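The values are calculated or read from the model by the stated rules, or taken from the named source; none is laboratory data. Predicted model only: the values in this text are computed from it and were never measured. In this analysis, Cβ positions are derived from the backbone assuming ideal geometry, glycine residues included, and neighbour counts consider all displayed protein chains. All accessible areas refer to the heavy atoms of the entire protein, side chains included, with ligands and DNA or RNA removed. Shrake-Rupley method; radii C 1.70, N 1.55, O 1.52, S 1.80 Å.
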Amino acid sequence: MTDHRASFDARITFGNGGDLAVHGFRVDLPGPDAAEDEIAALFVASLGLLMTDGVELDNVEIFAEPHKGTRGGPSDRAAQAAPAAGGALVELARPPADGGTYLVAPGGDLTGLPLARTAELPAVVVRVAGAEAREIGVGALAAFDVRGRAVLLHTGAPGGGRLTPEAASWLAGRGASLVGTDADGLDGLDGLDGLDGVGGSAALDVLLAAGVPVVERLAGLDRLPPTGALFTAAPPLLEGVGRVHVRAFARVPEA
């Protein structure tokens, strides 16, 4: 099988201000038909760039060449270290007086949600608090390895950044186990509205359709490291119930 790579010029803008330009950059590709948005995501991942707001590509050329091991690319086989056992427990649920924290289950039935999708998941904290952009797109996520992980969006506000449907599809396609947010909803909506979890958010619909549970109205994400914590928000086994209060928490390994 022939490997393919891409060469391009790019300009990146960041959600917290500033920009970066590169020329003649190269990344490994999964195939010769990679779209520009996929190339842009691979570029961001290869550099580990955080809070990326937008990527503009020019002079894109795709050609046959052996892979070089681009970080986050199709030939990146670097083993991800498992979070260490032990450590402190960090409360991530809002108190009842503040409306609590909710989990939304795919299919509207908590009994169909495997425990492995909600308990002791390696956590990735995506910090977009203070970003100028009001949307959380693929650029803000592409630097992270999300497969098998709880992806926690730290927006810093109840009406915080809106997760775009494209970003939700990107998370689902790359195997995220769970997506959480400290906002009232993935669209910054009030998490107490529509308790059946139906019709509130395009991003929510994308994730649920892909079997990815969602936790809304988290707290304390500023107390977690970007990676290394284990996240739990296990709901009760309630048949025919799709959305329920949970006590979310994380175990943070000792330094």
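Miscellaneous remarks
- Residues that are in a loop (DSSP other than H, G, I, E, B) and either touching a helix residue (DSSP H, G or I) at 6+ places or on another chain (Cβ under 6 Å) or open to solvent by 40 Å² or more (accessible area, probe 1.4 Å) (or both), drawn from region 240-249: Gly240, Val241, Gly242, Arg247
- Residue selected from region 175-214 under the condition in contact with a Pro (Cβ under 6 Å, 6 or more places away or on another chain), open to solvent by 10 Å² or more (accessible area, probe 1.4 Å) and aliphatic (A, V, I, L, M), by the criterion modelled with the lowest pLDDT: Ala202
- Unique residue being over 30 Å from Leu186 (Cα atoms), loosely packed, with under 15 Cβ neighbours inside 10 Å and without any contact (Cβ under 8 Å) to a residue 24 or more places away in the chain when the list is Asp33, Asp19, Asp9: Asp33
- Filter result (under 24 Å from Gly156 (Cβ atoms) and either more than 23 Å from the chain's Cα centre (by Cα) or part of a strand (DSSP E or B) (or both)) within region 1-56: Ile12, Thr13, Phe14, Asp19, Leu20, Thr52, Asp53, Gly54, Val55
- Within region 118-144, being surrounded by fewer than 20 Cβ atoms within 10 Å (Cβ to Cβ) and at pLDDT 90 or above holds for Ala119, Glu120.
- Each residue in region 218-239 was checked for being open to solvent by 10 Å² or more (accessible area, probe 1.4 Å) and in contact with a Ser or Thr (Cβ under 8 Å, 6 or more places away or on another chain), and 7 of them qualify.
- In region 145-168, the residues that are surrounded by fewer than 24 Cβ atoms within 10 Å (Cβ to Cβ) and among the polar types (S, T, N, Q): Thr164
- Neighbours by Cβ (under 8 Å, 6+ apart or cross-chain): first from region 40-60, under 19 Å from His23 (Cβ atoms) and open to solvent by 70 Å² or more (accessible area, probe 1.4 Å); second among the acidic types (Asp, Glu) and modelled with pLDDT of 85 or more: Asp58/Asp9; Asn59/Asp9
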